[in-house]
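To keep things clear, I will list the structure first and then write my remarks on it.
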Amino acid sequence: MNDLVSGPYNVLFLCTGNSARSIIAEATLNEMAKGRFNAFSAGSHPSGKVNPLVLDFLREKGISNEGARSKSWEEFSAPGAPQMHFVITVCDSAAGEACPIWPGHPVTAHWGVEDPALYMDDPAKAKKVIEDAFRVLRNRILLLMSLPVEKLDRLALQSKTRDIGQRQ
């Protein structure tokens with residue numbers, strides 16, 4: 001048995017800029033979680049603004065982006081921050097960076113997806129990358145939500161959460 005006996009479970013999605021992929025993951029999980037999970041997002045080097053194409057996309061999908069903002073992961077390692085049960089990187093850069101020590105030793109995983117910010121000079125391509133990122137992240141979130149979190153030991157939970165990152 002693990003120490004994740006009952007929810008809601010806090011999930012922090014990390015990216016470098018916290019402007020697109022991590023915002024998509026946060027909004028999507030919060031929309032789908034039905035109170036079982038609480039999603040948050042942050043960046044190692046936050047851009048300070050959320051990608052407007054991402055906000056438009058989420059609005060078009062009927063997914064709330066209320067309160068979406070680009071913020072530093074330091075907010076979640078500071079005293080008084082909610083304890084994270086899962087910390088998931090969604091970009092390769094953030095996965096390779098030295099992360100803060102997270103209180104409570106959350107389950108960690110890497111679920112890398114392509115960065116729409118690389119294509120902002122081509123809005124049609126950026127929108128396609130946003131759609132692809134959403135599809136992949138939504139599928140991975142569904143898999144996370146299907147895990148019997150309270151019944152798995154920490155090692156099994158860690159393994160299964162990391163395996164999800166290998167799925168498209």
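Summary of computed values
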{"item": "Spatial separation of Cα centroids for region 10-73 and region 117-157, in angstrom", "result": "11 Å"}
{"item": "Tyr9 long-range amide H proximity, modeled H, under 5 Å", "result": "Phe37, Asn38"}
{"item": "Shape category assigned to region 27-75 from the gyration tensor of Cα positions, a/c cut at 1.5", "result": "oblate"}
{"item": "The chain: angle of helix 123-146 to the longest principal axis, Cα-based, in degrees nearest 10", "result": "10 degrees"}
{"item": "Sparsely packed trypsin sites (Lys or Arg not before Pro) within region 104-168, loop by DSSP, other Cβ within 10 Å at most 12", "result": "Arg167"}
{"item": "Cα-centred dipole magnitude for the chain, charges only on beta-carbon of K, R (+1) and D, E (-1), debye, nearest 20", "result": "400 debye"}
{"item": "Sparsely packed trypsin sites (Lys or Arg not before Pro) within region 1-77, loop by DSSP, other Cβ within 10 Å at most 10", "result": "Lys34"}
{"item": "Global geometry of the chain, whether rounded, prolate or oblate, following the gyration tensor of its Cα atoms and the 1.5 cut on a/c", "result": "prolate"}
{"item": "Amide H contacts under 5 Å for Ser41, placed H, 5+ residues apart", "result": "Phe13"}
{"item": "Karplus-derived 3J(HN,Hα), 6.51/-1.76/1.60, for each residue of region 6-12, Hz, glycine and proline x", "result": "8, x, x, 9, 8, 10, 10"}
{"item": "Mean residue ellipticity (222 nm) of the chain, computed from DSSP H runs ≥ 4 via -39,500 (n - 2.57), nearest 500", "result": "-11500 deg cm²/dmol"}
{"item": "Residue with peak Gaussian network fluctuation, the chain [Cα springs, cutoff 10 Å], from Ser146, Ser72, Ser47", "result": "Ser146"}
{"item": "Residues whose placed amide H lies under 5 Å from that of Thr108, excluding near-sequence neighbours", "result": "Val87"}
{"item": "Those lysines that a straight Cα-Cα span of less than 21 Å connects to Lys49, excepting residues fewer than 8 apart in one chain", "result": "Lys61, Lys71, Lys125, Lys127, Lys128"}
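None of the figures in this text is laboratory data; all of them are computed from the coordinates on show. Computed from a prediction, not measured in an experiment: that's the story for all the values here. In this analysis, Cβ positions are derived from the backbone assuming ideal geometry, glycine residues included, and neighbour counts consider all displayed protein chains.
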